[in-house]
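The values are calculated or read from the model by the stated rules, or taken from the named source; none is laboratory data. Keep in mind that what you see is a predicted model, and the values were worked out from it rather than measured. In this analysis, Cβ positions are derived from the backbone assuming ideal geometry, glycine residues included, and neighbour counts consider all displayed protein chains. Accessible surface areas use protein heavy atoms only, side chains included; no ligands, DNA or RNA. Shrake-Rupley method; radii C 1.70, N 1.55, O 1.52, S 1.80 Å.
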Amino acid sequence: NPTLLSHYHRGTAAAARLSAAFRCVSTGSLTITEPLNFWAGQRKPGQKGHKEHVYEPATGRILCHLEPCGAAEVNQAVEAAKKAFINWSKLSGMERGRVMIEAAHLIEGKREEIAEMEVVNNGKSITEARLDVDSARLCIEYYAGLASTLAGQHVQLPGGSFAYTCREPLGVCAGIGAWNYPFQIAAWKSAPALACGNSMVFKPSPVTPVTAAMLAEIYAKAGAPEGLFNVVQGGQETGSLLCQHPDVAKVSFTGSVPTGRKIMEMASKGVKPVTLELGGKSPLLIFKDSDLENAVKGALMANFLSQGQVCSNGTRVFVQRDIFPEFVSEVVKRTQAIEIGDPLLESTRMGALVSRSHLHKVLGFVEQAKKEGATVLCGGEPFVPSHPKLRGGFYMTPCVLGDCRDEMTCVKEEIFGPVMSVLSFETEEEVLRRANDTTMGLAAGVFTRDVRRAHRVVEQLKAGSCFINNYNITPVEVPFGGFKTSGIGRENGQVTLEYYTQLKTVYVEMGDVESLF
Ligand SMILES: NC(=O)C1=CN([C@@H]2O[C@H](COP(=O)(O)OP(=O)(O)OC[C@H]3O[C@@H](n4cnc5c(N)ncnc54)[C@H](O)[C@@H]3O)[C@@H](O)[C@H]2O)C=CC1
Ligand SMILES: C[N+](C)(C)CCCC(=O)O
């Protein structure tokens, strides 16, 4: 559906046609044998004798093994990053930008290869994976351009004295990623960090370790100094070693709220700044004067990208009573029409969830919703594709839940799967109160044709990323991040330069010292 895609990410349709010609991998066929850690310019093994399975969600088979990093390996990666920082931070912004632009070009050339790898490791559809790769590339391009804009202030003071300020990089930054957008997250974190003159050690989720190592190779090939962008694999243990490393100056994390709390706690010991992109239970408000076609599309975009595994998803869909039946029947009809199956097929719109345990967790939420009185209007069941090679995959049918009440678990908790809860409302005042009645505040959306209502409503929504008449559009030029427990700091946009630099003030005396002593 070209309209859907251009809504999600404008300007990539031509690129999509171009690279579709280079398809080579088929589901169930890929094997990966190279080590997945990367530092000092090379792929590296992890701890001896430690191996973890990595799966292909579409088939359930083991894709490769991951060798997690222990203290010794994390130290080596941080050492490499420290060395790279010395020269990289001294380059001008233009010089850093040039390397990053080259990395963006290399990503463009490898678009299909990276996207396929993402699909094989994550389970999302190839159509979406291509857009994720594009977002990663655009982010690197954008910050390459911003690198030379880092500048300070000049302040006049009495007697000809003056002060100036400048933005300096922090040093070695740690990035810790989630499994829902593995390549994109690695780019969203590294691009601003590197543009500002920092180096980075990145730890992907152990569930999706593959594409971050590809990004490391790309930066190296683009001319980044050895050790500028490093990848250490592993889970909680590796992540906490990284956060607590005395030579790590900052931690940027994407993941769940409970883990975000732990990251902040660990960072607080070293008084390190953090960027936290955490979960959400975001509301989508559909008023009766909405363009219904767009509102329905918006609700699907708000719930079913990446098999519903998106932090910003608008999973509480509030629909004004007058249009509730019509809206719900259209949403259900289109949800039932979503093509589920082999994520490498062009026609597939929903692939597999990331793991068997996560699939069971999401199905458990649907069961709980039924027990609490919600009605399953469609989906919410395990799905077994007909092709024998896909039978062990982690699929489910996308679900719409009706008869929901605000206090139900499905309306309160982040499910992180393809499960939409629809709720009806009467008045603007009522829906705003209910929409804001959550501890989280990542995103929110409103559909209406009334321009004054749109702005009035958005002004009162307690969320960091708000959408009017669309949803889940995240151009890299604009900041993205949450209010309340959904996080601290922002990714993307100009403001992120502030989160990867520290301000130095220099006072310059042009007269004599007036001593009080
Ligand atoms: N809001 C979001 O974007 C995401 C939300 N989630 C939610 O979290 C649930 C659990 O998924 P997980 O992948 O386990 O999320 P998580 O938040 O625990 O993990 C995210 C990243 O943090 C790392 N990590 C975990 N514990 C750590 C620690 N103590 N110190 C340092 N790093 C640590 C993980 O290895 C991974 O790289 C999901 O079912 C989903 O509901 C998961 C991923 C992304
Ligand atoms: C690209 N988008 C909006 C679908 C998701 C970006 C945020 C995330 O990493 O979950």
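Within segment 171-188, residues that are under 13 Å from Phe229 (Cβ atoms) have Cβ atoms under 8 Å from residues that are aromatic (Phe, Trp, Tyr) and surrounded by fewer than 24 Cβ atoms within 10 Å (Cβ to Cβ) in no pair, counting only partners at least 6 apart in sequence or on another chain. Can you find even one residue in segment 245-252 that is within 16 Å of ligand 2 (Cβ to nearest atom) and either open to solvent by less than 50 Å² (accessible area, probe 1.4 Å) or in a helix (DSSP H, G or I) (or both)? Yes, segment 245-252 has at least one match. Filtered by the rule that a residue be among the acidic types (Asp, Glu) and assigned to a loop (DSSP other than H, G, I, E, B), segment 401-435 gives Asp403, Asp406, Glu407, Glu413, Glu414, Glu426. How many residues are out of contact with any strand residue (DSSP E or B) (no Cβ under 8 Å at 6 or more places or on another chain), within 16 Å of ligand 2 (Cβ to nearest atom) and in a loop (DSSP other than H, G, I, E, B) when one looks only at segment 274-312? Of the residues in segment 274-312, 2 are out of contact with any strand residue (DSSP E or B) (no Cβ under 8 Å at 6 or more places or on another chain), within 16 Å of ligand 2 (Cβ to nearest atom) and in a loop (DSSP other than H, G, I, E, B). Taking segment 308-335 as the range and being within 16 Å of ligand 1 (Cβ to nearest atom) and of a type in the set (Val, Ile, Thr) as the test, the residues that pass are Val310, Thr315. Hey, does segment 363-381 have a residue that's touching a Cys at 6+ places or on another chain (Cβ under 9 Å), farther than 23 Å from Ala295 by Cα and small (Gly, Ala, Ser)? Looking for residues that are touching a Cys at 6+ places or on another chain (Cβ under 9 Å), farther than 23 Å from Ala295 by Cα and small (Gly, Ala, Ser), one finds at least one in segment 363-381, hence yes. Taking (1) in contact with a Ser or Thr (Cβ under 7 Å, 6 or more places away or on another chain); (2) open to solvent by 10 Å² or more (accessible area, probe 1.4 Å); (3) farther than 24 Å from Glu116 by Cβ in turn, Gln184 satisfies each apart from (3). Look at (1) within 16 Å of ligand 2 (Cβ to nearest atom); (2) over 13 Å from Gly441 (Cα atoms); (3) open to solvent by less than 20 Å² (accessible area, probe 1.4 Å) and you find that Thr259 fails only one, number (3). Scanning segment 48-91 for residues that are assigned to a helix (DSSP H, G or I), of a type in the set (Phe, Trp, Tyr) and closer than 25 Å to Trp179 by Cβ yields no hits at all.
Scanning segment 260-307 for residues that are within 15 Å of ligand 1 (Cβ to nearest atom) and either within 30 Å of Glu428 (Cα to Cα) or touching a Lys or Arg at 6+ places or on another chain (Cβ under 6 Å) (or both) returns Lys272, Glu277, Leu278, Gly279, Gly280, Lys281, Ser282, Ala302, Asn303, Leu305, Ser306. Annotation note: of Glu426, Glu491, the sole residue that is within 16 Å of ligand 1 (Cβ to nearest atom) and touching a Lys or Arg at 6+ places or on another chain (Cβ under 8 Å) is Glu491. Of the strands (runs of 3 or more DSSP E) that lie entirely inside segment 137-243, those containing 1 or more residues that are within 15 Å of ligand 1 (Cβ to nearest atom) and modelled with pLDDT of 95 or more span 172-176, 199-203, 229-231.
From Leu363, Leu345, grab the single residue that is outside any helix (DSSP H, G or I), under 27 Å from Asn122 (Cβ atoms) and open to solvent by 20 Å² or more (accessible area, probe 1.4 Å). Leu345 is the lone residue from the list that is outside any helix (DSSP H, G or I), under 27 Å from Asn122 (Cβ atoms) and open to solvent by 20 Å² or more (accessible area, probe 1.4 Å).
Yes or no, residue by residue, for (1) at negative phi; (2) within 25 Å of the chain's Cα centre (by Cα); (3) modelled with pLDDT of 95 or more; (4) outside any strand (DSSP E or B):
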site: Lys462; (1), (2), (3), (4): yes, yes, yes, yes
site: Pro475; (1), (2), (3), (4): yes, yes, yes, yes
site: Val478; (1), (2), (3), (4): yes, yes, yes, yes
site: Gln494; (1), (2), (3), (4): yes, yes, yes, yes
site: Leu497; (1), (2), (3), (4): yes, yes, yes, yes
site: Lys504; (1), (2), (3), (4): yes, no, yes, no
site: Asp512; (1), (2), (3), (4): yes, no, yes, yes
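Do we have any residue at all in segment 381-400 that's at positive phi and outside any helix (DSSP H, G or I)? Within segment 381-400 (the criterion being at positive phi and outside any helix (DSSP H, G or I)), the answer is no, since none of the residues qualifies.
Scanning segment 87-136 for residues that are within 16 Å of ligand 1 (Cβ to nearest atom) and open to solvent by 10 Å² or more (accessible area, probe 1.4 Å) yields a single hit, Glu128. Within segment 394-408, residues that are within 14 Å of Thr335 (Cα to Cα) sit with their Cβ atoms under 6 Å from residues that are among the charged types (D, E, K, R), at 6+ positions apart or across chains, in these pairs: Thr397/Glu381. Summed over segment 395-423, residues that are farther than 18 Å from Lys281 by Cβ and open to solvent by 10 Å² or more (accessible area, probe 1.4 Å) total 2.
With respect to the conditions (1) assigned to a loop (DSSP other than H, G, I, E, B); (2) under 21 Å from Leu284 (Cβ atoms); (3) open to solvent by 10 Å² or more (accessible area, probe 1.4 Å); (4) of a type outside the set (Lys, Arg), Gly373 lacks only one, and its number is (2).
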